[in-house]
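These notes concern the structure reproduced below.
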Amino acid sequence: MALKAKKKSWFNISFLTVVGAIAVMAVVSAVMTFAHFQRQRQQTIELLVEKGTTLISSFEAGLRSPLSMRTEKFGLQKLLMETAQQPDIDYIIVTDNEGNILADSDPAQVGGKYGMDLDIGALALSREIRWRQIANPQGAGTFEVYRGFSPQERFAQDSKPTQNKSKNIKTGSMIIFVGLNMMAIEKADSEDTRKTIIIALILLLIGSLAIISLFLFQVYQLARTSLSRITIFSDALVKNMPIGLIALDDQGKIVTCNEKAQAVLEVPCSNALGREALSLLPAPLGKMLAELPASGGFLERDIQLITVYGKEHIWETVAACLMDEGIPAGRILLIRDVTAIRQLENEVAKSRHLNAIGSLAAGVAHEIRNPLSSIKGFAVYFKERLSGNKEDKETADVMIAETERLNRVISQLIEFARPLELKKEKVQFVELVNHTIKLIATDAQKNKVAIAINVAKEIPVVEVDPDKIKQVLLNIFLNCVAAVKDGGKLTIELAPREDNLIVIISDNGSGINESDLPKIYDPYFTSKPAGTGLGLAVVQKIMDAHGGKINVESTIGLGTKVYLHFPLTANKDFKG
C-alpha cells in the first residue's frame, strides 16, 4: 500500500512539472504570436500608407505635367472618377480648407461636406501624410490616407452657390482624401492569422508531446501504451503540416516525410522511406544538407527548383542538424513554396522604382524643358537672322536638332515612368498603320527605304488606344528605318490568327546581335550612338497594358522581324 502511494506521489510531481513546462511554452508561443500580429499590422499600415501616398503624388505630378489635362474642375473630377474605378479604391475626395467637397469620385457628393471631424484648416496647410481606418457598413473597412493637396493650379466651387461666389483656391488650401478598400488585405490578414495560430498550436503541441514523452518514458508501464498514441498522432500531424518536412536518420536515409514534401522528391513519400536522401533530393537540397556543420546548427535559404510540371518555383528551405547529447542523430528539411510571395516582393520593389523614376521625370520636365524651349527659340531666331551665312545657318540647324532630340528623350522618359491610362476604342488597324507610315515617310525617302504593306483579305476590328498603338508602331518603324541601308525594304503584314491580330514588321537591315536580344527591352539599353534606349521599353509597356505581347527575331546581316500580338474584340467585326 505504501509502495502504491509512493508511485502515485511520483507521478503527481511529474505531471505538475509537465503542466508547468507546457504553460511556459504556451506563454512564449502567445507572446511570439502577438508580436507577429503586431508586425503584420504595422506592415499592412505601411503598405497602405505608401499606396495612398503614391496615388496622391501621382495626382499632383499629373496635374503639374504640361502634357496632362487642363486643371479645370471637370478635368479633376474626371480624373478622380477614372482612378476610383480601380477595385481597391473606395473613393477619392478633394475638399477646400472649410470641408466643402470640390471633387469626388462620386459626383453626387460634390458640394457636400467632408472631414468636419478633423482640423481641416491645419490639414490644408500640412504636407504630412495622415491616415485613419473607417468602418464601411456596406463591406470591408476603408483605410483613408489624406494630406494637403498642392497642384500648380487650383480651382473650387462653393458647396452652396447661393451663399458664396466661386473663387480660386490658392496653394495649401485643399485636402485630398484617398479611401482604400481593405477587403483583400483583411482577407489575407485573416488567412495569415489562421495559419499563424495553427502553426503556433502545432509547435506548442509538438513541444508538449516531446516533454510528455520524456516524462512518460521514465514510467515503463505507461510508456508502452502512450508511445503508440503519440506515434499515430505525430504521423498525422506531420502529414497535415502546411509546410513540407523531410527527416533523415544519422545514416542519411529518409525516415519521415509528408505530402507537401513530395513536390521536391522524385517518388511518393511512401516509396521514399528507408532510401538514401541524396539519391532522391534535387542537387541544391542535397548540397544544402552536405553543408550542415557536424557540430549542429541550421541553414536557411531560398532555392529555385523546376517541378515535374516544368514550372520554376522558389522554395524557402530550412535544414537543421539534430543532435543527441552532442552526437549527430539525423537531419531535417523544412520546405515552403514562396513563389507568390517573392513575386509580390519584386512587384513592390518595381513599383517603388517606377515611382522614383516618375519623380525624376517630373523634375527633369520642369527643370529642363522650360530652358530648353528658350534655347530652341533663340536657335530658330539666329537661324533666320543668319540665313545669309551658310556655316552659321548649319550651326543653328544642329542646335535645333539637338534640342528636339533632348526634348524627345525627356518625353520618352516621362512616358515610360507615367502609369498608363488607356482610352480604348474599336479601330481598323490598317488605318493606324497608314497614318504612322506618313510620319516616317520623310525619313524613309531620305534613307531610300521602300515600304510595303501586306494585308489579309479580312482584318478584324481591334479595341486599342489609337494614340498609344501609333507610338508603338512609330518606335518600331523608326528602328527599322535606322537599321536599313540605302535601298533597303520595310514590310508590314497584318493577318488574323485564332484570337489575335498578328502584325509582323520586318526589315532587311543590319540585325541585332544574339547576345543583345535578351536586353532590348531594358530601359536605356541601346546599340545606336544617338539612341535613348527607351523606345522598346515603352513599346513593351504599352503592349502589356493592352494584354498583348511582342516578340523579336533577328539575324546579323539578314534583318529583324517584330511580331505584335493584339487580342481581338469579343464581337469580331470584319472589314471585307
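Of the residues making up region 289-299, none is buried (at least 18 other Cβ atoms within 10 Å of the Cβ), hydroxyl-bearing (Ser, Thr, Tyr) and either not in a helix (DSSP H, G or I) or not assigned by TED's automatic domain parsing to the domain that holds Glu316 (or both). Within region 223-260, being modelled with pLDDT of 80 or more and not in a loop (DSSP other than H, G, I, E, B) holds for Gly244, Leu245, Ile246, Ala247, Leu248, Lys253, Ile254, Val255, Thr256, Cys257. At pLDDT 70 or above and within 30 Å of Ser373 (Cα to Cα), is that true of Ile56? Against the criterion (at pLDDT 70 or above and within 30 Å of Ser373 (Cα to Cα)), Ile56 qualifies. For the condition outside any helix (DSSP H, G or I) and modelled with pLDDT of 80 or more, Asn434 does not qualify. Looking only at region 440-498, residues that are under 24 Å from Glu421 (Cα atoms), of a type in the set (D, E, K, R) and either touching a residue at least 40 places away in the same chain (Cβ under 8 Å) or in a strand (DSSP E or B) (or both) come to 4 in all.
Within region 8-21, identify whether any single residue is modelled with pLDDT of 80 or more and in contact with a helix residue (DSSP H, G or I) (Cβ under 8 Å, 6 or more places away or on another chain), and answer yes or no.
Of region 8-21, the ones modelled with pLDDT of 80 or more are none.
No, the conditions are met nowhere in region 8-21.
Scanning region 494-510 for residues that are out of contact with any helix residue (DSSP H, G or I) (no Cβ under 7 Å at 6 or more places or on another chain) and within 14 Å of Gly559 (Cβ to Cβ), which turns out surrounded by the fewest Cβ atoms within 10 Å (Cβ to Cβ)? This residue is Ile504. Considering only residues that are at pLDDT below 85 and part of a loop (DSSP other than H, G, I, E, B), which ones fall in region 528-546? If the condition is that a residue be at pLDDT below 85 and part of a loop (DSSP other than H, G, I, E, B), then Lys528, Pro529, Ala530, Gly531, Thr532, Gly533, Leu534 are the ones that fit.
The single condition from (1) touching a Leu at 6+ places or on another chain (Cβ under 9 Å); (2) closer than 25 Å to Ile341 by Cβ; (3) part of a helix (DSSP H, G or I) that Leu278 fails is (2). Checked against (1) more than 30 Å from Leu80 (Cα to Cα); (2) part of a helix (DSSP H, G or I), Gly388 meets all criteria but (2).
The values are calculated or read from the model by the stated rules, or taken from the named source; none is laboratory data. Keep in mind it's a predicted model, so treat the numbers as computed, not measured. As a convention, Cβ positions derive from the backbone with ideal geometry for all residues, glycine included, and neighbour counts pool all protein chains shown.
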